[in-house]
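What follows is a short report on a single structure.
The values are calculated or read from the model by the stated rules, or taken from the named source; none is laboratory data. The structure presented is a predicted model; accordingly, all values stated were derived computationally and were not measured. Positions of Cβ are backbone-derived with ideal geometry, glycine not excepted, and every protein chain shown enters the neighbour counts.
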Amino acid sequence: MAQTSANEQVSLDVSDVDPRVGKPVIFAELWDPCNATDIRRWVQAMDYPNPIHWDEEFARRSKFGGIIAPQSFTVCMDYGHGAHPACIGKIPGSHLIFGGEEWWFYGTPIRPGDKLFQDRRFDGYKINDTKFAGPTMFSRGDTVHRNQHGSLVAKERSTAIRYLVSEAIKRGTYDKEKRAPKKWTTPELQEIERLRHEWILSNRQGVSPHYEALKVGDKLPRRVIGPHSVVTFANECRAFRQNVWGTWRWTTPAGVDDFSRDDAGFSTSMTYDHEAAKIDPRKKDGLYHGPSSGHVNAEKAEKIGMGGIYGYGASMGAWFHDYIAYWAGHDGYIWHSVTQFRSPPFEGDVAYLDGEITEKIDMSPYGMPVVRAQVRITTQENETILTGKAEVQLPC
């Protein structure tokens, strides 16, 4: 059926979406296990200098006995930045941005040599009228991750925002004239570097705060990431294992029709060319071609209503998890989190992460005390681009 905005009388054609609600979906599976270099590349791109994830000597002296992946790395063991099962069915003339995530973790770490296997289903959607693009679909997809031993690692529910490109361009929320990249002065850059270094030193040894010692209202140290640029966005893109040539294959669950896989109704300039990619792998590597290429190509970004190069939702989710995990230390663990992505960071922006303890739960559903931490990510203009909360185990 078609959904129509009462205000604008424009419709999303969801006729190819409705039959797929609640069903397993075709997905891509990575061929190879991860290695320590994959983990190092990830934390380098996410600007997360926790030494247990990149410094072999430090990691061997730690309780982990060697390099270990951050919890945020789970999405790097997946295809489609976690959003793939939320973008099912063709909506002509549409594009997609990432809207948020909910994660459940199950206590199984990811280490070099691990390979994850996924089950995915399209959960459903709702349509709201938005200032950004009129009638806009908020679709949900679920991914369950298990390792090579069959151990449950995590479950993610992703939210994709699917919108009509013509409507986003008409409204001009992200027009480049409104978002000229900020030019940072030398003193401003020095202050950013001071804050960044201060955060690195805040818990480099991984000492975990004790549950009893914390109070509601306690603040987490401020973290800063940026300024963002085409270089940082390209580094993030290349850190996702799916964007390395030849790393994945299509997988069709039993009983699922082999429909068009990834024809979501995007413009031809924002889709992969799978046949051409058999000769030239750039045609589906996610940076030169494909739906993510607007992140580093301003001309393509303008054609999908984004106004200029912009950041990845999955990266913002990683910043959020890494920020909490660094504060929680080696004996801390995130059991559950939920985030909402309000807006991407754009070229020239700096992201500031601020958190506080909002609740202490003496007996959680996970069988131990947890604290609930709330985080907000803002830009230099104090524009909120992410809100999130997490339930975190700490030593008693």
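Scan region 53-86 residue by residue and report those that are outside any helix (DSSP H, G or I), within 13 Å of TRP103 (Cβ to Cβ) and modelled with pLDDT of 95 or more. Write out each step before concluding.
Step one: of region 53-86, the residues outside any helix (DSSP H, G or I) are 54-55, 62-70, 78-79, 83.
If we keep only those that are within 13 Å of TRP103 (Cβ to Cβ) too, we end up with 70, 78.
Hit for region 53-86 is PRO70, nothing else.
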Single residue of region 289-305 satisfying the filter (in contact with a helix residue (DSSP H, G or I) (Cβ under 6 Å, 6 or more places away or on another chain) and at pLDDT 90 or above) that is surrounded by the fewest Cβ atoms within 10 Å (Cβ to Cβ): LYS300
Residue count, region 145-161, condition surrounded by fewer than 17 Cβ atoms within 10 Å (Cβ to Cβ), in contact with a strand residue (DSSP E or B) (Cβ under 6 Å, 6 or more places away or on another chain) and of a type in the set (Gly, Ala, Ser), comes to 0
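Would you call GLU177 charged (D, E, K, R), in a helix (DSSP H, G or I) and either closer than 27 Å to GLU356 by Cβ or modelled with pLDDT of 95 or more (or both)? Spell out how you get there, then give the answer.
On the way: charged (D, E, K, R): yes; in a helix (DSSP H, G or I): yes; either closer than 27 Å to GLU356 by Cβ or modelled with pLDDT of 95 or more (or both): no.
For GLU177, the condition - charged (D, E, K, R), in a helix (DSSP H, G or I) and either closer than 27 Å to GLU356 by Cβ or modelled with pLDDT of 95 or more (or both) - is not met.
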The residue from ARG157, ARG120, ARG140 that alone is within 21 Å of VAL14 (Cβ to Cβ), modelled with pLDDT under 95 and not small (Gly, Ala, Ser) is ARG120
Only one of these is under 19 Å from ILE377 (Cα atoms) and touching a helix residue (DSSP H, G or I) at 6+ places or on another chain (Cβ under 8 Å): SER202, SER208. Name it. SER202
Boolean, TYR312 is in contact with a strand residue (DSSP E or B) (Cβ under 6 Å, 6 or more places away or on another chain) and touching a residue at least 12 places away in the same chain (Cβ under 8 Å): no
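Having 3 or more residues that are within 18 Å of the chain's Cα centre (by Cα) is the bar; report the helices (runs of 4 or more DSSP H) wholly within region 181-299 that clear it. Spell out how you get there, then give the answer.
Working: elements: 186-202, 230-239, 274-277.
Fully inside region 181-299 and qualifying: 230-239.
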Do you know which residues across region 22-52 are in a loop (DSSP other than H, G, I, E, B), modelled with pLDDT of 95 or more and either in contact with a Phe, Trp or Tyr (Cβ under 6 Å, 6 or more places away or on another chain) or among the hydroxyl-bearing types (Ser, Thr, Tyr) (or both)? TYR48, ASN50
Having 1 or more residues that are closer than 30 Å to PRO181 by Cα and β-branched (Val, Ile, Thr) is the bar; report the strands (runs of 3 or more DSSP E) wholly within region 300-379 that clear it. 333-341, 370-378
Selection from region 162-221 of residues that are loosely packed, with under 13 Cβ neighbours inside 10 Å, on the phi < 0 side of the Ramachandran plot and small (Gly, Ala, Ser): ALA180, ALA213
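Output the residue which, of all residues in region 102-149 that are of a type in the set (Phe, Trp, Tyr) and not in a strand (DSSP E or B), is nearest to GLN340 (Cα to Cα).
Of all residues in region 102-149, those of a type in the set (Phe, Trp, Tyr) come to 103-106, 117, 122, 125, 132, 138.
Going one step further and asking which of them are not in a strand (DSSP E or B), we end up with 106, 132.
Numbers: TYR106: 22, PHE132: 16 Å.
Top of the filtered list is PHE132.
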